[in-house]
Amino acid sequence: MSADFLYAIEVLLNGLMAGVMYSLVALGFVLIFKASGVFNYAQGVMALFAALTLVGIMNGEVPFSHLINAMFGTQVHDFGWHVPALAAIGLTAVVMVFFAILVEKLILKHLIGQEPIILFMATIGLAYFMEGFGDMMWGADIKPLDVGLPKGGSIWIEENTAWLGGEGQRFFGFFIDKLDMSATLVAAILVIALTLFSQYTATGRALRAVADDHQAALSVGISLRAIWVITWSIAGFVALVAGIMWGSKSGVQFSLAFIALKALPVLMLGGFTSIPGAIVGGLIIGMGEKLFEFLAGPLIGGATENWFAYVLALIFLVFRPQGLFGERIIERV
Amino acid sequence: MTSTVTPDGRTIGDVLLEVKNITLRFGGVEAIKNISFDVREGEIRAIIGPNGAGKSSMLNVINGFYHPQEGEIFFHGRKRNAMKPSQIARQGIARTFQNIALFKGMNTLDNIMTGCFTHMKTSLLEQAIWWGRAEREEYVYREKVEHIIDFLEIQAIRKTPVGALPYGLQKRVELARALAAEPKLLLLDEPMAGMNVEEKEDMCRFILDVNAEFGTTTVLIEHDMGVVMDISDRVVVLDYGRKIGDGVPDEVRSNQEVIDAYLGVAHD
Ligand SMILES: Nc1ncnc2c1ncn2[C@@H]1O[C@H](COP(=O)(O)OP(=O)(O)OP(=O)(O)O)[C@@H](O)[C@H]1O
Ligand SMILES: [Mg+2]
């Protein structure tokens, strides 16, 4: 096989794994959208906030240390201990549950029955608030995150695929990042676990019931507010996983919230109401943008990754407005 | 204790539900005007009346979807404070809807399983890890649901997505879901509307069997006079939000105001 072809495959594989990140963020959007009809603009910021909190806990940072030092003239920064990664992840998950409860109590509860646009505006407010709050709590520095996931290219894959090129080709085997692979694995486990939970437990059924029909759900005794807390908590866990993956790759930094906006074209592609759609949409966008950059980037000056996803989504909107997996929107007249 | 025995041998007990001087307004429209009636334990109580009479609104008041501006509701003899529909469901009031409200994304079995929601006690965490207790609970209720499925003769469609079912069967699945809650009080909003004669007969039989077998107190709205007179113990008649008749079928049938209302207003 020719080296160019093999490199294209490598690009494709890497794109696929980059797409997993988009899928994860999009998944959080879909979960909340299905349960409460809220388009949660803050999903990306939730990933950032979760990652910041995780790093903060792991490093034993004192929350609000800037504020405390400015107010009292002290010099506190950290507690001087380190929390093991797993324990810190557990603690962060608890924080995300608290966050979900607060969102329900302070925002959703008061906006029951409001227009979707109002709820959307509320989540925009929430996003900006959380960004500022995260900054105030943990500071704005870029922080490395290492929860012990493997890093670097997989030598094993490289060595065992080198022969594909054959004699005399300049191909030295596929370069696949181990971090990308573990991200893919974790994402797969997460999606399977979520599916099992929603299919085979009473609460899972309640989640699906609320997504289908609020009135009927109420009539069998399901409390919408409890379900909202649960969905926002799950979305918080998904955000935490996404935050860990992004953070391990490029450090925990505030640009993470913007990258998460790529979930928007992913959702247009996959449909706002479909969990498989979020996954497949993310993979297609990830793959598409890497491959497009590889093939067309050199011809038109590069940096196509900034806009490719949006153009693809736009084209898609014209032909299939409900997305790949979304329910067809039929306006009753 | 004031229990009576019906001619067909069922026992009718104390007052289970009492609505007193209920008035419900939507803006300027008075959908329910100062209505009172009671429902006794074990009886089948019908609400009839022409279109727009306020029948569905009355059910919505009872199950908490609507909050009346005036009046009181007593359940089990105790005055009920304003409550959310989900809380009222937990007190043992289940219902079906005039326009079928099933969970379209689920199959028949899952739809009916949601009916057990109020009874399932294991915590979210136990369910999440499918821990022993949660698993056992799931099987216990699964068995109960299978019982209801047999009872309503819908074994053949257990795994069918409900959206794909014909109208009559969807109505039956909705009844099954309500029964899964093992309700003290069952509210049925036009359970036979839009059915053919054979389906209607089936549904009548099911309602009677449920009542006979489990003693379930039932309030049902129905337009078909023949059906109402056949299966109900007592009938409330509404017209333009007012109560114009209340009593056993024979009394209601000979009530002049009721006859006028039905002759004067077209209904389906
Ligand atoms: N949510 C609502 N908002 C405004 N008006 C309502 C609402 N629900 C019911 N109404 C009004 O209350 C009145 C009674 O309606 P209701 O649905 O209770 O009648 P019904 O007896 O069930 O009639 P049908 O036999 O057609 O089902 C009608 O005038 C209706 O327009
Ligand atoms: Mg009605």
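The values are calculated or read from the model by the stated rules, or taken from the named source; none is laboratory data. Remember, predicted model here, so these are calculated numbers, not experimental data. Cβ: placed from backbone, ideal geometry, glycine included. Neighbour counts: every protein chain shown.
Looking across the stretch A:285-328, the residues that are under 21 Å from A:S255 (Cα atoms) and either assigned to a helix (DSSP H, G or I) or at pLDDT 90 or above (or both) come down to A:I285, A:G286, A:E289, A:K290, A:T304, A:E305, A:N306, A:F308, A:A309, A:Y310.
Scanning the stretch B:56-91 for residues that are among the charged types (D, E, K, R) and more than 16 Å from A:A216 (Cα to Cα) returns B:E70, B:E72, B:R78, B:K79, B:R80. Could you tell me which numbered condition B:S36 fails, if it satisfies all but one of (1) within 16 Å of ligand 2 (Cβ to nearest atom); (2) over 17 Å from the mean Cα position of the chain (by Cα); (3) at pLDDT 95 or above? So the condition that B:S36 fails would be (1). Could you grab me the full set of residues in the stretch B:196-235 that are in contact (Cβ under 8 Å) with a residue 60 or more places away in the chain, within 16 Å of ligand 1 (Cβ to nearest atom) and acidic (D, E)? The answer is B:E222, and nothing else. When B:F117 is tested against the conditions (1) away from ligand 1 (no atom under 16 Å from the Cβ); (2) within 13 Å of chain A (Cβ to nearest Cβ); (3) modelled with pLDDT of 95 or more; (4) surrounded by 21 or more Cβ atoms within 10 Å (Cβ to Cβ), the lone failure is (3). A count restricted to the stretch B:191-230 and to residues that are under 22 Å from B:G92 (Cβ atoms), crowded, with 17+ Cβ neighbours inside 10 Å and of a type outside the set (S, T, N, Q) stands at 7.
Considering the stretch B:39-87, and only residues there that are away from ligand 2 (no atom under 16 Å from the Cβ), of a type in the set (A, V, I, L, M, F, W, C) and crowded, with 17+ Cβ neighbours inside 10 Å, the residue that is farthest from B:L208 (Cα to Cα) turns out to be B:I73.
Looking only at the stretch B:5-36, which residues are within 16 Å of ligand 1 (Cβ to nearest atom) and free of Cβ contacts under 8 Å to residues at least 24 places away in the same chain? Those that are within 16 Å of ligand 1 (Cβ to nearest atom) and free of Cβ contacts under 8 Å to residues at least 24 places away in the same chain: B:F26, B:G27, B:G28, B:V29.
Just one of the listed residues (B:V140, B:V61, B:V39) is in contact with a strand residue (DSSP E or B) (Cβ under 8 Å, 6 or more places away or on another chain), away from ligand 1 (no atom under 16 Å from the Cβ) and either assigned to a loop (DSSP other than H, G, I, E, B) or not charged (D, E, K, R) (or both), and it is B:V39.
Here's the yes/no breakdown for (1) surrounded by fewer than 24 Cβ atoms within 10 Å (Cβ to Cβ); (2) in a helix (DSSP H, G or I); (3) in contact (Cβ under 8 Å) with a residue 24 or more places away in the chain; (4) within 9 Å of chain B (Cβ to nearest Cβ):
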| site | (1), (2), (3), (4) |
| --- | --- |
| A:G204 | yes, yes, no, yes |
| A:L207 | yes, yes, yes, no |
| A:A216 | yes, yes, no, yes |
| A:I222 | no, no, no, yes |
| A:I227 | yes, yes, yes, no |
| A:W232 | no, yes, yes, no |
| A:A235 | no, yes, yes, no |
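Filtering the stretch B:94-114 to residues that are more than 9 Å from chain A (Cβ to nearest Cβ) and crowded, with 21+ Cβ neighbours inside 10 Å leaves B:T108, B:I112.
When A:A87 is tested against the conditions (1) in contact with a Gly (Cβ under 6 Å, 6 or more places away or on another chain); (2) free of Cβ contacts under 8 Å to residues at least 24 places away in the same chain, the lone failure is (1). If you go through the stretch B:165-197 and keep only what is touching a helix residue (DSSP H, G or I) at 6+ places or on another chain (Cβ under 9 Å), away from ligand 2 (no atom under 16 Å from the Cβ) and assigned to a helix (DSSP H, G or I), you end up with B:Y167, B:G168, B:L169, B:Q170, B:R172, B:V173, B:L175, B:A176, B:R177, B:A178, B:L179, B:A180.
Within the stretch B:128-139, the set of residues being in contact with a Lys or Arg (Cβ under 9 Å, 6 or more places away or on another chain) and either in contact (Cβ under 8 Å) with a residue 12 or more places away in the chain or surrounded by 17 or more Cβ atoms within 10 Å (Cβ to Cβ) (or both) comprises B:E137 only. Scanning the stretch A:1-45 for residues that are among the acidic types (D, E) and in contact (Cβ under 8 Å) with a residue 40 or more places away in the chain yields a total of 1.
Taken together, the residues in the stretch A:39-65 that are closer than 20 Å to A:T123 by Cα and surrounded by fewer than 24 Cβ atoms within 10 Å (Cβ to Cβ) amount to 2.
When the stretch B:17-34 is filtered for residues that are more than 15 Å from B:H67 (Cβ to Cβ) and crowded, with 22+ Cβ neighbours inside 10 Å, only B:L17 remains. Taking each residue of the stretch B:41-59 that is assigned by TED's automatic domain parsing to the domain that holds B:L16 and looking for partners that are within 9 Å of ligand 1 (Cβ to nearest atom) and in a helix (DSSP H, G or I) with beta-carbon atoms closer than 9 Å, six or more apart or interchain, yields B:I47/B:K55; B:I47/B:M58; B:I47/B:L59; B:I48/B:K55; B:G49/B:K55.
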